[in-house]
Structure formats: C-alpha cells, structure tokens
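The values are calculated or read from the model by the stated rules, or taken from the named source; none is laboratory data. Values in this document were obtained by computation on a predicted structure and should not be read as measured data. As a convention, Cβ positions derive from the backbone with ideal geometry for all residues, glycine included, and neighbour counts pool all protein chains shown. For the accessible areas, the whole protein counts, side chains as well, though only heavy atoms, and no ligand, DNA or RNA atoms are used. Shrake-Rupley method; radii C 1.70, N 1.55, O 1.52, S 1.80 Å.
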Amino acid sequence: MRTHLQLIVAYLFFVCASSGSADAAAPEKPVFRAGAATSNITPSIGTASSAKARGSKPQATHVHDELQARCLVLDDGRAKLALVVCDLRHMSAEVAAAAKEIIRETTGIPPKCVVISATHTHTSSGARVEAAEGEPYLDYKTLLTRRIADGVLRAANNLEPARIAWGVAEEPTQVFNRRWFLKASRGPIYGAHDNIEQVDTNPGYSGLLNPAGPVDPQITFLSVQSTAGKPIAIFASYGLHYVGGIAPGAISADYFAMFAERIGELLGADLHQDPPFVGIMANGTSGDVNNLERYSDEELAKRGPQPKKRYLPYEKAHEVADLCAAKVLEVHKTLQWHDHVKLSSAQRTLTFERRYPTKAEVEWAEAVKAKKIKPMSTSRYSTYSTVLAYNSPEMPPTIDVVVQTHRIGDLAVAAMPFEVFAEIGLELKRRSPIQPLMNISIANGSHGYLPTPEQHRLGGYETWIGVNKVQLDASVKLVDSLVEMLGELKTQSR
Ligand SMILES: [Zn+2]
C-alpha cells in the first residue's frame, strides 16, 4: 500500500512539474543523430579489358581490397547532411547527380545536402565511369549510381542519437609538392606542346632547386559516437594525391581505406559492433602534392646519405595510413564533444569558360597533324589532337560545375569538383569565416586539375590543356564564391 501511495505521489509530482514549468509549451530539444554505412562498389575483375584494347589502363586481375562508397549521414532534427567518399580515381558529375536523385527519393535528403566525392585511388582499374557508349563500363556506371544511393540509405537507416566533435591534426612528413624549379644544369623543360616551361612535375630526384608550391599538412576530421560512447564514424580529409605501391593488376583503395580501418582499431571500435564503425578519408587539396619524398640538392647534401628503404606491395600505403591515424588519435583525445550542433548547406552552379588553346599551340598542333614537324615531347596527356579538339567550335563553350559549402556546428566544409592545388585549399582555409575548414576535392564531379593563374604561368603537367579544362583564372572565381557561400552560412540565423 505504501509503495502504491508513493507511486501516486511521484506521478502527481511529475504531472505538476510538467504543467507548472515555464517551458512546458516549448518544443522538445532536437536530438542530434548520426549513422554510417559502407556500400561495396568493386567492379568485376577484367572489366577494364576494352580499356586495355584502347591501350590505356591494363586489365585488373585481382582484388586486394574491396572498393567502397563510405557514407556518413548527420541529422540535427531539422536538417540532414550526407557525406560520401568513394574509393575511385574520379567522380563523374553525371553519376553524382543521378545518385542524388535516388537519395532524395529514398531518404528525403535534398541534393544540396549530399556530397559525393572520390578518393583518387589510382588502382580502381575497371571502375571507369566515362566510357564511350557500347562499352561494358556503362553497366558499372549504373551499378555505381545505385550502390552510392544504397550506402546513403543504409547510413540513414543506421541513424542513432549521437554526439559530435571535430579537430585538426598535422602530418607534414608525408606530403610533397611534386612541381619543382630545376637547376639550369638540367637544361630547358619542354612542355607538352614543345614550349619551354619553368617547372617540371615529378622531375626525378636530383638537380632540384625548390618546389613551385606549398603543401597542406593538416588532417581535418570529424568524429561521431553514440551517446554511450561507441564510435560510429570518423570523416577525415588530407591533401595527399594517393600513395600507390600496389601490386600490378590489383584493385585496391590505397591508403585511404587503410586509414579508415586503422583509425577504427585505434579508437577501440569493436569489430563485431552493430552497425559497424565506418572510417572515411577524403582527398583534401592535393592536385600538386604526392607522397614521393623529394628535396633540393642543398637539402639532400645537408641530410647526408639516407638508407633507401625497399617497400613490399602495400607496405608504404599502410605506413602512411598508420602515421595519419596515429596523428588523428592524438588530437581525438583532446576533443570537445557536442550533444547537438546545427547543420546548414549552400550550393551553387558556377559556369566556367572552357579552356581555349593559344595561337601558338594551335599552330604547333596543325603542323604536327600535317606531319610538318615531329613533336619533341611525347606527352600522352595533352597531344596535338587534344589541342585541336579544344580549338574546335563543336566543343561546348562553357562547363557548369557544382560547388558546395556545409556547416556542421563550427566546422566548415568546402566541396570542389577538381583536383585542386594545395595553395588554393590553404587560401580557402585562411579566408573561411567559419573555422576550421575541411576541404574535399573531386567532389560531385571531376573537371580536371585546378591550378592558380600563377601556376598556369609556370607551366608543368597539371596546367596542360586537356588535363586542365577550365579558364585559367577559374580558381579565383571558385575561391571567391566559396568564401561568399561560407559567409552566408556564417550569418544565417542559427
Ligand atoms: Zn591526379
């Protein structure tokens, strides 16, 4: 009886407390939720056969590790954001747009709140998405579109109450600018169209003066865990092209996937937890940055003879992944967790003039075509036929590209559909009105390399017509737009 009475009293108190409280009519505090999932996007072994027939990439003969679309969905109770990183060399704008339409239907998340990017692994052989009609890759394109959308739906299905934090780690020892000024003793540098250039990309290891640009050593990341502390996902971004050192003929997601696995281990994610922990590493701004350790002759002399390590296949990629994961873990220990943050997104379509060849390039290309001259340089990236194609009136005069900014609490994200030079990412980080900023490149499409106008003047592989597709000052317009969009997110009522 006594117990019964106590219950009644407790019940009455509860009711009174609710109805009597000043904020009784206020809406419930929104719950922040996060969900993650991976979706297998590995192409079949051998699907690159017609690429081989065309004399480009050799056919894949083995799958070392599966390629995934790694998906994270965040939900602030009002807005959602889906972040997807695919283990692919490039992201097709068409595939990204089609996947977003399915995602809108299945999850209600609008396209402007979905980022779909590629890591830039160079060993996704067979996973080509821009093949000519009638080729088997077209089947892959359909599969990829659906598998990306599946991944986002699965991540949305896994949404659970969560807390979130973000941080910035640094790993400066694994990023090297690959464009160099050379000593005069190396002689003139001939570009793709026999012009003389000031810098060389991947110039070997001796006779080097100084790199033509900076690197971004930061690993910007966000972390989500359940309210009980179970790790749900890490989403990181580092400005490193890829690592490589993969066995010939193998499909592999490179260091990006190895980082994803290692960071889960370091955070103590249970291999059998349900749903599984998802690690994600996006490509930051790495258009001119690779993992090949190069130094000027002076620096080499200072360092003295170094032991030359010979790596087994995958060993170097594991080494880089482990280093990055260790640096992220260090910062992770100091994170400040938030029970709730607001999400907001902005998207614009920018129209760029497409790249036009110079008069000198056209004259050179016509002379090569007419067999009046034999080209001295034998670039397969920007040939005389590339120059003539870009000079053709049949080429569309403009290229539309989708750019996005997102705000996750006080973390900003910029998504760009290019292989963006490091200095552009650094400028964005400096100018962003929301700090810190995470850059994601090869996002929502890939429209070639994006150098600055200054880097265009220096020349080098990434500045050649064909691998670079848009007007020479496109980076200026891109950065200004993104900073403006971040400003809008900053001033929006929160
Ligand atoms: Zn590249």
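Please identify every one of the GluC sites (Glu not before Pro) in the range 354-457 that sits in a loop by DSSP and has no more than 14 other beta carbons within 10 Å of its own beta carbon. Filter output for the range 354-457: Glu394. Between the alpha-carbon centres of the range 400-420 and the range 154-214 there is a gap of 20 Å.
Where the accessible area of the chain is counted over protein heavy atoms with a 1.4 Å probe, how much of it, in %, is carbon and sulfur? Carbon-and-sulfur percentage of accessible area, whole number: 55.
List the relative contact order of the chain as a percent without decimals, with contacts defined as Cα pairs under 8 Å and 6+ residues apart. Taking the mean separation of contacting Cα pairs over the length of the chain, I get 17 percent. If you line up the long axis of helix 2-20 against the longest principal axis of the chain, both from Cα atoms, how many degrees apart are they, to the nearest 10? Taking Cα atoms only, the helix is inclined about 60 degrees. Less than 5 angstrom separates the built amide H of Asn210 from those of Phe181, all sequence-distant by 5 or more or on a different chain.
Rg then Dmax, both in Å and based on the Cα atoms of the range 176-274: 20.6, 63. The peptide list 115-122, 245-252, put in order of mean Cβ contacts within 10 Å with the highest first, becomes 115-122, 245-252. A 1.4 Å probe, protein heavy atoms only, puts the accessible area of Phe176 near 30 Å². When only alpha carbons are used to place a centre, the range 446-492 and the range 59-91 end up 24 Å from one another.
The long axis of helix 422-431 is offset from the longest Cα principal axis of the chain by roughly 40 degrees.
Other residues whose C-beta falls under 15 angstrom from the C-beta of Arg354 contribute a net charge of -2, scoring Lys and Arg +1 and Asp and Glu -1.
Using only DSSP helix segments of four residues or longer, with each worth -39500 (n - 2.57), what per-residue ellipticity at 222 nm results for the chain after dividing by its residue count and rounding to 500?
Only helices count here, giving -9500 deg cm²/dmol.
Looking at the chain, the accessible area is 45 square angstrom per residue; that uses a 1.4 Å probe and ignores ligands, DNA and RNA. Normalised by 2.2 N^0.38 Å, where N is the number of residues, the alpha-carbon radius of gyration of the chain equals 1.08. For the range 375-453, the list of trypsin sites (Lys or Arg not before Pro) that fall in a loop by DSSP and count at most 12 other C-beta atoms within 10 angstrom reads Arg380.
Comparing Ile440, Leu81, Trp464 along the charge dipole axis of the chain, the residue lying farthest to the positive side is Trp464, per the Cβ-charge model. Computed over the range 364-431, the Cα gyration tensor eigenvalues convert (square root of 5λ each) into semi-axes of 40, 16, 8 Å, ordered from largest to smallest.
The convex hull around the C-alpha trace of the range 359-494, projected and averaged over every direction, spans 9.3 square nanometres.
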